[in-house]
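In what follows, a single structure is set out as structure tokens and then discussed.
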Amino acid sequence: MADLDGDFESAESGASTTYPQQCSALRKNGHVMLKNHPCKIVEMSTSETDKHGHAKVHIVGIDIFTGNKYEDVCLSTHNMDVPNVNRKDYQLNNIDDSYMSLMDDSGDQREDLKVPNNDLGKDIMSRFEKGETFNVTVLKACDTEMVIGIKSLTS
Amino acid sequence: MAGSSSGAVQLQPGQLDGQGIDPNLLQKLEQASNTILASPSAEQRHAAEQFLLDFRKTKNPYTVCCCLMEQTRNDYVIFQCACTLKEAILREWAQQSPTNVHSLRDFLMQFVLNRPSLPVYVREEIVLTVAVIVKRGTLDSSADDRNHFISQLTKLIHSDNAAARVVGLSTLSALLAEYGGNGKGTDFGLSWEFHLRCKKVFEDKELLTVFMVLLEALQQLSALEGVPSDWETLALIGKLLALAEQIFTWRFSLPLLQKRFLNNMSEARWNSPFRPPSQWRELVVGRGLVIHLFKLYRHVQSHAELAHVCLQCLLQLVSTTGDVFPDHKTHADFLIPFMAGFLHLTQRNSLAEYEVLGVATLACRLLTVFPRKYLGQVPSDQLQAFLTRACQLTCSYSYLAMHQKAAEEESLYDEGLEQLLQMWTALWDSRDSFPPAAQLCQTFAPDIFQTYLQSHLATADGTAAQAVSSDDMEEIRSEDEDDRERYSAQLCHVGMLGRTVPAQALSQLTGLLCERISQLQLELKDSAGTQAQMNRLYRLYDDLHWLLLIAGHLLADQSEGEALLIPTELMDHSISQAQMGVSEVGATQSEMVCSLHIDRMSQPTSDKCDDIVRLVCKVFMLSELERYAVQAQLDPLLSPELSRDIVWFFQRWAGPYLLMQEKHYPQVSLPLTCAFGQGSDSASLAVQTLVSKVVSNFQVWTSEGEVTEDTVQLLLTLTENRDRCLEVVKCEKLWFLAMQQFCEPFVLLAANCRRHLMKAVLFAASAMSSEVRARYWTQTMQPLHDRFQVMVQRSRGSGGHANLLEARNLLELLCGVAEASRVDNTSLVFSTIYPRLRDSVGLMDAFHNYPEIVVLVLDAFKETITRQLCYLSQEDSLKLYEVTIQLIRSYARHHGGRGVTVDASAEEDDFNDLMLLLEMLTQLINKDFVDFGSTDDGGAGEPTVVPADVVFCGLDFVVPLMSAELLKFPSLCLQYYQLVSLLCEVYPERVPQLPQRLFSNIMASLQLGLSSDYGEDVQKLCLDTLECLAIQCVKFGSTAGQSYQALQHFVQVVLDMLVLQPLNPDLLDVLGETFYALICCHQAQYAQLVHQLVGSQADTSTAERLAAAFQRLTPPDIPLNLEKTHRSRFEARLQTFVMEVRSIMTVR
């Protein structure tokens, strides 16, 4: 939040991939770095190891790219790193050798992302083969990018 | 028996199955049995099972099975034969002559009797077969025959041979299980009518005989000298007790209660009380049944299982009610031996674990089940003795509950303690109908209260576990629940008991608090922070924790909706103290003021201070002490838990006491009003102190979510009430808090807390004069406005990180603003929130990929619509509708068209956005239901947008999303059906006009709701919806249109639910109403369905009865229309109809 007045686009490109946040301010369904993996928080509980002691937070998260599970316990006053997570929609124009040709709202193109190797990927392939026009949502965090969703352009 | 002592019954050669028997059958059966009992491969098991299943289907297997049973030594084969016989006799009953049936029955009895060493499962299966045979013949054979059989069983039970007695009891038990038939008996393949008639016959004739047999056997066994130890006697006692339990839980047929009849057909859902008919009086009350049971208990108390069953019997027996008790005296005659038995049972020094709960429940039921006005009939010395014992038990449980924590049975003593405490509360509550109760309670309350306190205190005067080494501390709390929730029932009872003896309870608590506070003060002065000191501090904190919890429960109750009042007992105490001159106004006031200034805290306290005020003063002292310790940066030594307790105590106390409303009480205590009442200086000072405390807690405990939540609740209690709020707004600290909430450390508070804080800040505004309010508003709302502006500018078009955080923060606050909407601040809040809602639509666009933002935006809309819409003027409503439509469109643009994929790991949480959308739409409909908004802007004419437009806009988008997979999430499902049902109720004329696809989607979801197991509430909603649609069709005489056509299908669906599918009796009324509306609408369809159903019956007499039942349900001469009289008469007829048809059609 330091760059509140700076130019937003450029600030982002040079920005660090994570920012610190107080542990008590984290919440379920939000993101956090656990053991250096960008994770979505699936469980958060305050654990008081002793009744009159200060609160500790127990966090369970799932790596947003690999689906692996990580957990951590931390004093609620401490800071945790939170990944900058960005989602962006692209129109899918072509698939070539499992690389997708994508175009964003402003017409910029990129061809560096692969069709993911999962159910979603199969869905993308089959829709593409049927000749549907649709958008894909690309999730970016910690310099990794992955397609995480499909949006039809019907409405 | 039956005269055949020689073993096998002589079977006639003619009975043999014509096809002859496979000579190797026995060998094959034994082989198959052995295979199953060994651990076979899947294939072998399957083959063996198939063989046995085929065997079970053998036609006319009687001779074969009897021979096999005689020949084999394999128990499992005997078991299979018994099963085969049972199934065959039910299947082929009609072809069997009574002689055959009798000889089969006698053969089986004789077989079991001759083989006392049969394994239990084989024996039970054989006697079950006998019981089935007896029951199947109930309606054919004469009563004599059955009587004869039962009397033979009686002889068995009275014989000297223990094995024979067990067989006798087992058979009786099996008979009771079969006849009692609450859905648990054997499947006979016969109508319910059959089962119910059998039950009635058995109940009228034999049940009493069985009960007598039981009573005699009980008498005999309880008279045994010494404790039996041989397994035969124990097995016998076990059987006897099981039989007793069956009798005590027997549900006597009550033909008058139709609903109950239907309940009988479904599984027994709970144990109903024992309600024997009046003829049983002599046996139940007059023959020492209770005494014998207690005596027997003495014999078995060292056997966990038997003791448990025996206690269960006693617990069920204590529930006895109904015609057996014609007057007080009979009640007392029953109650007195119970109390005596209880005294005897509990005279031992300690109870076994398995007795703990049962004994406590017994004590509780003795005083709660019987009308307490009859307690006067109990000799007073016995009652005294009973209560003395109960008091001892309460005290010992209270001690053990705290000391057995480490062990597994912790909850056992806690549960027991709860029962016992409940007993005391019941006794206190009965003081109107039984005046001595008050005094009795007061005799024992001090002991109990004191013991409870001491069990929870760790230091000197307490008995709680001393060892709190740092290793052990890890173990203290692993549960999620905190003490306040976990022990809430106990604490309420104990608080109540304390009120019965207010003088002792208050002074005890005050004394202990005072001591602990001085100790704390000393510890904090010398803050070395060593481990030893930390241990001492922890013990102190735990003591203070319990003292505050108990004090809070003593002083006030928690209730929702009702005005919170000072408990009568305490008010009376305070008044009488003042009248007797024990307390004085001046002393009370100065004590109160002193406690609010830490520098004056050490002043000697006056003994003329009011008891209640003194206790509260101590807590204020504690709170101030904590605040000063924080300022001295001693917070690492402090306990967040204690901080929670302190603000919780204040919140609980403030409700009824702080600036109390004198008009709520017939008489008020002067010292109390002077210390806490309106216009008193100490009360305004207290408010100021509390507000400062709130701010200080937010600053120090920012990251302790539980502390800040309790703290913000205190602030809400202070600001919600107008009188208190008037004082709050005078505090500078409030202004500080209101303005600083966008800055650190307040921005770091947990999301919920920030929301509530904003809410409290807005509540405060409504108590200000308009001039002050304008200034306050600028200072608190302007920053929100400005920040929103900046954010919207910056995030236009796309989201981003810094913005994401800011957006989250601002939206959270916006939700707080929405939650603060009340009737008295509607226009102010709306003018603030409306522009922000417009901005939020833009935010939704920018951040559509970020579910957390989407959810917050929807939440803000939902809260605004829920809390404001019904108070808004037409003009403002219109604005809100328009912006809501924009929101829905934006949401649909980004989330529509893709369908929702529900992945296996998905949780309900993941669909919060849909949930909020559904809630929002439901709330919108309410505007057409409840509207307090003004519509006075005359010239405006018809509004251009009505709520329905918004709702239908949303529906169009949301209905196609609601797939069966999504509906599996319970709250989402319920919310969806609520929306649909409200929609049809409020706009019955618009719904049938919906676009065809949308309409058929809705109808399909109704079908889904009725046929899936979404639960009773959803089914009710679906039925209501159908009824609304059908009524609409009838009103307008529609005979075409999509609604009319769609409803046709549901006539059958609802009819099936009424007569064929398992019926939930609670749904009967709504089913009836819906069915009536549907058949009014589709009379031809109804006639056709009746015709089909009757025609499909194989049995002509059934078909005739069925047709007649329909005839009575809808007599041809009564028109089917929606007139009220016709409707209500139909519903009455339907009850009879359902009973009648179901007893014909339901087969078991």
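Details
- Placing unit charges on the Cβ atoms only, positive for Lys and Arg and negative for Asp and Glu, gives the protein assembly as shown a dipole magnitude near 3360 debye about its Cα centre.
- The alpha-carbon of A:LYS69 sits under 20 angstrom from the alpha-carbons of these lysines, leaving out residues fewer than 8 places away in its chain: A:LYS28, A:LYS35, A:LYS40, A:LYS56, A:LYS140.
- In Hz, Karplus ³J(HN,Hα) per residue of the stretch A:114-130 (6.51, -1.76, 1.60; θ = phi - 60°; x = Gly, Pro): 8, 5, x, 8, 7, 4, 4, x, 4, 4, 4, 4, 5, 5, 4, 5, 6
- Dipole magnitude for chain B: computed about the Cα centre from +1 point charges on Lys and Arg Cβ and -1 point charges on Asp and Glu Cβ, it is near 2240 debye.
- Convex hull volume of chain A per residue (C-alpha atoms, cubic angstrom): 144
- Simple rule: put +1 on each Lys or Arg Cβ and -1 on each Asp or Glu Cβ in chain B, find the dipole, and look at B:VAL619, B:THR922, B:SER151; the Cα lying farthest toward the positive end is B:SER151.
- ³J(HN,Hα), Karplus 6.51/-1.76/1.60, whole Hz, each residue of the stretch B:1047-1059, x for Gly, Pro: 5, 3, 4, 6, 4, 5, 4, 6, 4, 4, 4, 6, 10
- Fewest-first sequence of B:ASP723, A:ASP119 by Cβ atoms within 10 Å of each Cβ: A:ASP119, B:ASP723
- Fluctuation leader among A:GLY121, A:GLY107, A:GLY67 - chain A, Gaussian network, Cα springs under 10 angstrom: A:GLY107
- Computed from backbone phi, the HN-Hα couplings of the stretch B:98-108 come to x, 4, 4, 4, 4, 5, 5, 4, 5, 4, 5 Hz, rounded to whole numbers (Karplus: 6.51 cos²θ - 1.76 cosθ + 1.60, θ = phi - 60°; Gly and Pro given as x).
- Stretching B:SER302 away from B:GLU965 to a fully extended chain increases their span by 233.3 nm, per 0.36 nm per residue minus the current alpha-carbon distance.
- Taking one quarter of the surface of the convex hull spanned by the alpha-carbon atoms of the protein assembly as shown gives a direction-averaged projected area of 62.1 nm².
- From least to most packed, judged by other beta carbons within 10 angstrom and beginning with the fewest, B:PHE999, B:PHE847 follow the order B:PHE999, B:PHE847.
- Pairs with C-alpha atoms separated by more than 21 Å, drawn from the list A:LYS130/B:LYS968; B:LYS759/B:LYS862; B:LYS135/B:LYS199; B:LYS862/B:LYS1020, are A:LYS130/B:LYS968; B:LYS862/B:LYS1020.
- Length, then width, then depth: along the principal axes, the Cα atoms of the stretch B:276-415 run 51, 30, 21 Å.
- Under a model in which nothing but the beta-carbon of Lys, Arg (+1) and Asp, Glu (-1) is charged, the stretch B:745-847 shows a dipole of about 60 debye around its Cα centre.
- Ellipsoid semi-axes for chain B, based on the Cα gyration tensor and the rule √(5λ), read 63, 47, 28 Å when sorted largest first.
- The translational diffusion coefficient of the stretch B:702-804, from Stokes-Einstein at 20 °C and 1.002 mPa s with a Kirkwood hydrodynamic radius over alpha carbon pairs, comes to 145 µm²/s.
- Per-residue mean of foreign Cβ neighbours for A:24-36 is 3 (Cβ atoms of other chains, 10 Å radius).
- Rounded to two decimals, the Cα radius of gyration of the stretch B:952-1015 over 2.2 N^0.38 Å is 1.05.
- Percentage relative contact order, chain B, counting C-alpha pairs under 8 Å, at least six apart: 6
- Ordering B:PHE861, B:LEU805, B:THR778 by the projection of their Cα atoms onto the charge dipole of the stretch B:708-861, which places +1 on the Cβ of Lys and Arg and -1 on the Cβ of Asp and Glu, puts B:THR778 at the extreme positive end.
- The mean sequence separation of alpha-carbon pairs under 8 Å and at least six residues apart, normalised by the residue count of chain A, gives a relative contact order of 18 percent.
- Listed by chain and number, the lysines placed with their C-alpha closer than 16 angstrom to that of B:LYS693 are B:LYS618, B:LYS730, B:LYS733; residues fewer than eight positions away on the same chain are left out.
- Packing-based exposure ordering (other Cβ within 10 Å, fewest first) of A:TYR70, B:TYR179, B:TYR1044: A:TYR70, B:TYR1044, B:TYR179
- Protection proxy ranking of B:165-177, B:199-211, B:979-991 - average other beta-carbon atoms within 10 Å, highest first: B:165-177, B:979-991, B:199-211
- A dipole drawn for chain A from +1 and -1 charges on Cβ atoms has a positive end, and of A:LEU92, A:SER45, A:ALA25 the residue lying farthest that way is A:SER45.
Readers should treat all values here as calculations from the given coordinates under stated rules, not as data from a laboratory. Computed from a predicted model, the values in this text were never measured in an experiment. Glycine gets a Cβ as well: all are built from the backbone with ideal geometry, and neighbour counts include every protein chain shown.
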